[in-house]
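Where a number appears in this text, it was derived from the coordinates with a stated rule and is not lab data. What you are looking at is a predicted structure, and each value in this text was computed from that prediction instead of being measured. Neighbour counts are summed over all protein chains in view; Cβ atoms, including those assigned to glycine, are modelled from backbone coordinates with ideal geometry.
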Amino acid sequence: MSMLLAMVIVCSSTGYEDLVQAAELIGSPAFRQMEAVLPKLGERTWLEQRRQIVAKADKAMALLRSGLQKPVMDPHPVPRLDTPYPELVNFRTLSRLLCYEADVRIADGNPNASADAIADGFSLASAVLNTGGDLHTVTAEQIYDRTFACLERIKWQLTPKDLDTVSSALKTPTPSILITKIDGICKGAVETAKQIADDPDKELAFMGFKEADFAPEVLATWRALKIEDRRTRVTEYAKALASAEDRCSRILSLSEALWLESLNVISEESGPEIPGATNLWNPTSIFPSFPKLIAELNTRIRLARLECSVLRYRWVTGALPATLTQASPSETRNPQTNKDFNYELRGKRYSLWVPSFHGKARVSMTGVILEDG
Amino acid sequence: MITLLVLNLLLQQDSTSQLRSVIGTPTGRNGYEEYINAAIELQKPEFEDAYRLVLKSPPGADTFLSSRIKAANVGLKAKSMILAGNAKPVARPGIADLKTVFPEMAYLRMVSRYFAVLVCKEFSEGRYVEAGDSILASLVYSQNVSHAGVVLNYLVGTAGLGNVLQSIDEYLNLVPLSTWKKIVKYCDDALATKEFVDVIKRELAISRVSVEQFFNQPDLVMSMEDMSQEDKDLLDRVKALTPQQKQLMVQSVRASMDSALTKLQDVFSKNESGWPEGMAMIENDRWQHKDPLAYFLSSVLEPSFSNVAIMAVRNRAQLRVLRLHGLIQSYRWERGVLPKSLKDLPRQDAVTDPLGNGEFQYTLQGDTYDLFSKGHSATGPIGLVYKRPAGKGEDVMPPEQSPSYLANGLGTP
């Protein structure tokens with residue numbers, strides 16, 4: 001078993017195992033070197049070298065696709081704060097490979113394969129988002145970013161069937177995923193706290209913390225406590241965390257429009273801390289940032305689905321729709337603002353966006369903030 | 001032009017019989033026979049019904065794509081016929097003299113239109129390589145039709161080229177890299193030859209034969225619907241001529257045609273930007289005829305040199321624009337971005353625009369671009385899709401001198 005596989009608790013019959021194996025295949029130094037020297041946009045061998053790297057990665061791509069066909073579950077039942085996720089870096093590489101593949105296939109006149117690669121990119125992002133904790137979420141966002149950019153680049157070249165393929169892979173994360181994720185993070189924090197309570201020096205060292213990271217008096221206070229007292233404080237910490245989690249879950253069960261405002265209230269409250277170790281991470285600090293991130297992803301996913309509808313309409317009728325309603329009667333309203341998505345037709349081009357959260361700029365599918373005007 | 005004159009003589013037959021009469025006895029070696037078979041295929045009522053729906057489904061209609069898919073499916077046999085035809089030498093059979101009729105022209109134009117719907121279907125189904133092959137087949141077809149016979153062929157082929165280029169313009173970003181490479185190669189080959197000169201020569205050769213025929217059967221020309229009273233009076237004169245007078249007249253007109261043939265070789269050996277004026281000068285030579293009847297015959301029987309030259313330079317400019325699109329799009333596929341300027345392209349020979357006496361005009365606009373030739377004063381700017389500006393593309397230059405008989409109302413140049 002390879003290093004990477006050995007570090008992940010392999011859980012048979014879950015797609016995560018296949019994804020990790022795929023990640024392992026493209027994690028070799030030789031492969032990394034090959035990707036490191038890939039030509040940039042505009043260079044003469046841009047396509048050719050992408051073609052070569054895609055050909056080299058065919059086994060990894062097959063494993064990735066096999067994994068995406070299965071349920072993908074985090075193999076760590078209760079991840080700790082220091083649980084390593086070495087595979088996440090390679091998941092990002094896999095998403096880049098999918099984009100290379102999309103570019104190569106479309107240049108070869110095979111838009112179906114190109115759309116499949118983009119759809120796989122979105123499925124990979126979704127799978128990563130639906131597993132693990134904050135690291136997975138950040139990784140998923142990066143995979144989404146890359147795949148949205150790829151879709152933006154070749155969206156005009158996709159056929160109606162391809163647009164349907166891509167659209168069906170664009171699934172907005174549900175609040176239950178967020179709740180599960182927050183629950184996992186809280187459990188991980190409590191688990192870590194328990195370990196630190198039992199043996200603070202060993203655990204902190206294992207997590208890579210140095211004494212200098214803490215105020216000496218804080219660490220001294222913590223060390224001076226009896227183990228029973230430390231455990232009691234951790235139990236109190238777990239209760240407080242569960243209470244915050246409960247409030248957060250109730251907010252997330254509300255409509256999306258109410259998420260952000262409500263979660264900001266939680267972030268303004270001081271969350272529970274591991275007593276005596278105040279510099280240790282407080283999971284409630286991410287309660288508002290997660291829904292913000294997911295809310296923005298939801299918007300971009302909805303915009304991407306609308307892009308597919310608009311371009312599909314163009315194929316069917318030979319012209320871009322005059323209004324969004326023509327292209328997608330049921331998806332024109334942004335549930336976060338209860339206003340219609342903005343669509344502007346300009347000759348043979350169009351713009352599709354929403355005002356940014358502060359209302360002074362525009363957010364498109366690619367997340368690019370466009371200047372006003 | 002004689003071919004236009006005889007269009008009025010189309011027999012009152014059904015279209016399929018008319019088309020079959022073009023082939024006569026098939027040889028199996030002439031691609032034109034396959035083209036006619038394709039045209040016959042597209043005369044079937046099922047295709048006509050399907051194409052009628054295409055015409056009723058312009059961009060914006062709910063049935064835009066579905067109508068095109070249906071028409072493309074119904075006429076699918078025509079594609080294989082065109083491919084078979086493209087693989088053989090192509091020559092319009094049976095062109096002999098003034099009496100030759102060309103019933104196939106409108107139907108050959110329909111073949112080009114069919115390819116437009118076929119390409120739409122193939123692209124919409126994600127079969128981009130096949131769609132690219134169809135584009136290329138349509139390009140070869142239109143050029144083959146252009147060069148298969150006389151000027152009328154050239155007109156129809158040019159119209160077909162317009163259909164192909166319109167399709168390419170619509171699906172510019174979808175055409176795959178492999179197709180662009182083939183298109184660039186095809187344009188290179190096509191631009192290396194001047195087959196349209198052979199078309200003009202062929203037309204002149206038939207005109208040469210037809211001069212004598214005209215004197216024997218002047219009523220053929222009399223059947224022109226738009227003939228003026230003065231022209232009819234002139235033709236009455238023909239009937240009154242003695243055989244010796246007729247022979248002298250034939251010699252005079254033929255000498256004029258021979259002179260035109262020599263001069264046009266010289267014109268086409270020079271830079272393209274000078275072709276329309278050079279050809280107009282050859283037309284001016286008709287005014288050297290001292291006899292109004294000789295002038296009349298030259299103007300009726302010879303091709304409209306300047307218009308053919310304008311069409312030729314336009315076609316060549318469009319092929320150059322197409323080749324340049326091919327190089328730009330290949331650059332985009334291979335490097336992931338459009339070139340910032342034409343200087344970035346690997347083939348600088350393709351950047352020069354002999355008609356516009358400079359470089360092609362390229363403007364990058366985000367993820368799209370504009371590309372055109374500045375064109376000629378007679379054409380205006382020429383892009384992949386050509387729209388003739390008002391007042392352009394007809395007469396190249398006014399006559400510098402007019403024979404006195406024009407002022408007297410004899411003949412209509």
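Rounded if a/c is under 1.5, else prolate if a/b is larger than b/c, else oblate: which is chain B, with a ≥ b ≥ c the root eigenvalues of its Cα gyration tensor?
Oblate.
For A:313-324, what's the mean count of beta carbons from other chains sitting within 10 Å of each residue's beta carbon?
4
How large is log10 of I(q)/I(0) for segment B:165-257 at q = 0.10 Å⁻¹ when the intensity is taken from the Debye formula with one equal scatterer per alpha-carbon?
Treating every Cα as an identical point scatterer, log10 I(q)/I(0) equals -0.54.
Between A:ALA113 and B:SER377, take the C-beta separation as r, use R0 = 41 Å, and let me know the FRET efficiency to the nearest 0.05.
Efficiency for this residue pair is about 0.25.
In Å and from the alpha-carbon atoms only, list the Rg and Dmax of the protein assembly as shown.
36.8, 138
At most 14 other C-beta atoms within 10 Å and a DSSP loop state: those are the exposed GluC sites (Glu not before Pro) I care about. Give me the longest piece of chain B that has none.
For GluC sites (Glu not before Pro) (loop position, at most 14 other Cβ atoms within 10 Å), the longest site-free span of chain B is B:1-224.
Among B:ASP62, B:ASP266, B:ASP370, determine the one that fluctuates most according to a GNM of chain B built with springs between C-alpha atoms less than 10 Å apart.
B:ASP62
Which ordering of A:THR159, A:THR232 is given by a fewest-first count of other beta-carbon atoms within 10 Å?
Exposure proxy ranking, most exposed first: A:THR232, A:THR159.
Compute the distance in nm between two label points, each set 7 Å from the Cα along the Cα-to-Cβ direction, one at A:TRP156 and one at A:ALA30.
Going by the 7 Å Cα→Cβ label model, 4.0 nm.
Give the shape of segment B:206-312 as rounded, prolate or oblate, defined through the alpha-carbon gyration tensor: a ≥ b ≥ c are the square roots of its eigenvalues, a/c under 1.5 means rounded, and otherwise the shape is prolate if a/b is larger than b/c and oblate if not.
prolate
For peptide A:101-107, how many partner chain Cβ atoms fall within 10 Å of a residue's Cβ, on average?
For this peptide, the per-residue mean of nearby foreign Cβ atoms is 3.
Specify the angular offset, from 0 to 90 degrees and rounded to the nearest 10, of the alpha carbon long axis of helix B:275-284 from the longest principal axis of the alpha carbons in chain B.
10
How high is the FRET efficiency between B:LYS270 and A:LEU345 when r is their beta carbon distance and R₀ equals 35 Å, given to the nearest 0.05?
My answer for the efficiency is 0.15.
Can you list residues from other chains, or at least 5 along the same chain, whose modelled amide H is less than 5 Å from the amide H of B:ASP367?
It is none; the list stays empty.
Ratio of alpha-carbon Rg to the 2.2 N^0.38 Å globular estimate for segment B:250-310, to two decimals, please.
Cα-based Rg divided by the globular estimate yields 1.09.
What is the distance, in nm, between label points placed 7 Å from the Cα along the Cα-to-Cβ direction at A:SER66 and at B:SER299?
Result: 8.3 nm between the two label points.
Using amide H atoms built in the peptide plane, which far-off residues or other-chain residues are under 5 Å from B:GLU359 H to H?
Correct list: B:ASP353.
Quote the FRET efficiency, to the nearest 0.05, computed for A:ASP183 versus A:GLN52 with a Förster distance R0 of 60 Å and r equal to the Cβ-Cβ distance.
0.85
Over its Cα atoms, what ratio of radius of gyration to 2.2 N^0.38 Å does segment A:283-328 give?
Expressed relative to 2.2 N^0.38 Å, the Cα Rg reads 1.70.
Report the Stokes-Einstein translational diffusion coefficient (µm² s⁻¹, integer) for segment B:26-116, Rh taken as the Kirkwood radius over Cα pairs, at 20 °C with viscosity 1.002 mPa s.
151
At 7 Å along Cα-to-Cβ for each site, give me the label-to-label distance between A:ALA240 and A:ALA257 in nm.
Calculated label separation equals 3.6 nm.
Of the candidates B:PRO276, B:PRO58, B:PRO292, which one comes out as most mobile in a Gaussian network treatment of chain B with C-alpha springs shorter than 10 Å?
B:PRO58
Given 20 °C and 1.002 mPa s, how large is the Stokes-Einstein diffusion coefficient of segment A:287-357 in µm²/s, with Rh as the Kirkwood radius over Cα pairs?
For the chosen part, D equals 167 µm²/s.
Can you compute the helix-only [θ] at 222 nm over the protein assembly as shown? Use -39500 (n - 2.57) per DSSP H run of at least 4 residues, normalise by all residues, nearest 500 deg cm²/dmol.
-20000 deg cm²/dmol
Please give the peptides B:140-151, A:137-148 ranked by average Cβ packing (other Cβ atoms within 10 Å per residue), highest first, as a rough proxy for protection.
The densest-packed peptide leads the list: B:140-151, A:137-148.
Under 5 Å between amide hydrogens, which residues at least 5 positions from B:GLY380 or on another chain qualify, with H placed 1.01 Å from N in the peptide plane?
Answer set, sorted by chain and number: none.
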